[in-house]
Amino acid sequence: MSFTPKGIVVPIVTPVTEDGKFNEKAYRDLIEYLAENGIHGVFPFGTTGEFYAYDQAFYDEVLRVTKDAVAGRMQIYAGANHITTKGAVAIAKAVEKIGGIDALSVLTPMFVSQTQHEVYEYYREIASETSLPIIVYNNKPKTNVTVEPATVAKLAEIDNIIAVKDSTGDMTNAEEYLRLTRGMDFSVMMGRDTLIYAGLCYGATGAIASCANVAPRIAVDIYDCFQAGDHAGALDAQFKLSALRIATNMGSFPVTLKEALKLIGHDCGDCVKPIQPLSEEQREKLRGVLAGMGLLK
């Protein structure tokens with residue numbers, strides 16, 4: 001396939017009103033903020049977008065607004081995440097019907113433990129049911145299911161499985177993805193914001209970076225500086241972004257990011273319960289992090 005995921009892609013938060021409805025204005029404003037700061041792609045309904053909390057009608061509405069707001073300025077990825085193969089295929093077909101989406105990110109099934117053969121068959125079958133490029137999404141810390149490097153290398157042989165997003169936080173795992181698919185038409189995108197620079201050094205094509213919702217320019221600087229040969233600048237930007245990623249551990253993900261967006265002037269509402277807002281003490285710590293990053297006026 002000709003599509004190559006690259007650069008800094010934002011798994012965009014899902015803005016909601018107090019009564020839980022989609023906040024279209026806040027969403028469009030956030031997309032403008034990301035575009036103005038050089039973001040290369042947006043990705044609705046990843047983990048950061050709380051994909052698990054919304055039905056298909058809500059999902060379709062957000063994708064349509066995404067297409068209109070992006071207006072060809074960035075790549076658009078869409079999550080196709082479900083506990084069953086049948087469910088993931090249904091989402092993939094719904095995304096295809098909407099049209100204009102560049103790629104699907106497909107998370108491993110949750111809750112159900114799987115063998116590597118079952119993981120392989122999950123992705124193989126989904127790929128056979130859609131013409132869209134597929135990014136395998138490994139987030140073992142959240143799902144307790146992994147996609148081992150040998151399995152990724154085997155999946156890379158399927159024409160429309162074009163990349164893997166590694167959110168394990170295990171750099172050896174990411175390195176093995178890169179080593180075993182070296183020379184293939186296949187990409188590795190980093191999914192842990194503290195490891196973007198390290199991944200680029202190994203040959204990753206970019207990152208799907210949750211903290212780029214809040215600090216898009218800093219995240220883009222990691223990539224742009226690296227591509228320009230300014231490794232010192234890239235590393236400096238990485239250290240700045242890492243402070244925010246570490247701060248996300250203060251609350252259940254992605255509450256810290258939504259709280260940070262409020263503090264910098266992009267109120268995207270609260271997370272879906274049972275996730276609770278940060279305490280005032282935690283908010284003060286977050287203000288300090290954002291101030292240190294130069295993000296507070």
Discussion item. Between (i) 96, 38, 31; (ii) 49, 45, 36; (iii) 88, 44, 39, which entry matches Cα extents along the principal axes in Å as derived from the coordinates of this structure?
Written reply: (ii)
Fill in: the chain - mean residue ellipticity at 222 nm from DSSP helices (-39,500 (n - 2.57) per run, n ≥ 4, rounded to 500)
-13500 deg cm²/dmol
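FRET efficiency for Ala57 and Ala150, Cβ-Cβ distance as r, R0 = 51 Å, nearest 0.05?
Working: r = 39 Å, r/R0 = 0.77.
After rounding, the FRET efficiency stands at 0.85.
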Worksheet entry | Given Lys86/Lys285; Lys154/Lys258; Lys154/Lys273; Lys273/Lys297; Lys165/Lys240; Lys154/Lys240, the pairs whose alpha carbons are separated by over 32 Å | Lys86/Lys285; Lys154/Lys258; Lys154/Lys273; Lys154/Lys240
Worksheet item: lysines near Lys93 by alpha-carbon distance under 21 Å, same-chain residues fewer than 8 away left out - which ones?
Response: Lys67
Worksheet item: How far is the Cα center of region 175-212 from the Cα center of region 1-63, in Å?
Response: 21 Å
Worksheet item: Around Lys165, which amide H atoms from residues at least 5 apart in sequence, or from another chain, sit under 5 Å from its own amide H, with H modelled in the peptide plane?
Response: Val136, Tyr137, Asn138, Met189
Discussion item. Going by average Cβ density within 10 Å per residue, which order do the peptides 211-224, 276-289 take, highest to lowest?
Written reply: 211-224, 276-289
Worksheet item: Among the aspartates and glutamates, which have Cα under 20 Å from the Cα of Lys97 when same-chain residues fewer than 8 positions away are ignored?
Response: Asp55, Asp60, Glu61, Asp68, Glu125, Glu129
Fill in: Per-residue HN-Hα couplings for region 147-160 [Karplus 6.51, -1.76, 1.60; θ = phi - 60°; Hz; x = Gly/Pro]
10, 5, x, 5, 5, 4, 4, 6, 5, 5, 6, 7, 3, 9
Worksheet entry | Residue-by-residue Karplus 3J(HN,Hα) for region 14-30, coefficients 6.51, -1.76, 1.60, Hz, glycine and proline x | 9, x, 9, 7, 4, 8, x, 8, 4, 9, 5, 4, 4, 5, 5, 4, 5
Discussion item. Using each residue's phi in region 272-287, evaluate 6.51 cos²θ - 1.76 cosθ + 1.60 at θ = phi - 60° and report the 3J(HN,Hα) Karplus result to the nearest Hz, with x for Gly and Pro.
Written reply: 6, 5, x, 5, 9, x, 5, 6, 5, 4, 5, 4, 5, 4, 5, 4
Discussion item. As an exercise, use a Förster radius of 51 Å and the Cβ-Cβ distance of Arg182 and Asp19 to find the FRET efficiency, rounded to the nearest 0.05.
Written reply: 0.50
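Every number here is computed from the coordinates shown, using simple stated rules; none is lab data. These figures come from a predicted structure and were not determined experimentally. With ideal geometry, Cβ positions are generated from the backbone for all residues, glycine too; neighbour counts draw on all protein chains shown.
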